[in-house]
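Colleague: One structure, pasted below without further comment.
Computed from the coordinates by the stated procedures, all read-outs in this text should not be read as laboratory data. Computed from a predicted structure; not experimentally measured. Cβ placement follows ideal geometry from the backbone for every residue including glycine, while neighbour counts extend to all protein chains displayed.
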Amino acid sequence: MSFNSLEALRSAGVIGGTMAPALEEFYGSLTEEETTVLISTKNRLAAILPDVVAHSQEWSSPESSKEGWDAAMLCACGVWSGSGHAQN
């Protein structure tokens with residue numbers, strides 16, 4: 001049986017859910033060594049930052065979108081890029 005990097009990453013909790021075919025193809029093309037590095041990195045981050053990792057597993061959408069706010073209203077991209085309408 002050949003190594004299946006996609007399945008190894010899913011079972012380790014590195015990836016989950018549905019993803020774009022191109023991304024799935026990329027993860028499926030990883031070598032066993034590359035896959036091991038990704039799994040090891042995920043495990044080390046979980047050990048170092050347990051609170052961040054625990055909360056990130058539950059995120060499905062930003063809190064602001066749960067409140068029904070318009071994302072454009074919350075974004076300061078225009079301010080930083082100079083495309084905003086600020087009068088300073």
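Colleague: Would you please classify the overall shape of segment 1-42 from the alpha carbon gyration tensor, given that a ≥ b ≥ c denote the square roots of the eigenvalues, rounded means a/c under 1.5, and beyond that prolate means a/b larger than b/c while oblate covers the rest?
Modeller: Oblate, since a/c reaches 1.5 and b/c is not below a/b.
Colleague: Between Asn4 and Ser40, how many nm apart are label points set 7 Å from Cα along the C-beta direction?
Modeller: 2.4 nm
Colleague: With a sphere of radius 13 Å drawn around the Cβ of Glu24, what net charge do the other residues whose Cβ falls strictly inside it have (Lys, Arg +1; Asp, Glu -1)? Don't jump to the answer; show the numbers that get you there.
Modeller: Values: positive: Arg10; negative: Glu7, Glu25.
Every neighbour counted, the sum reads -1.
Colleague: What's the extension gain from Glu33 to Ser11 if we count 0.36 nm per residue and subtract their Cα-Cα distance?
Modeller: Going from the current span to full extension adds 6.3 nm.
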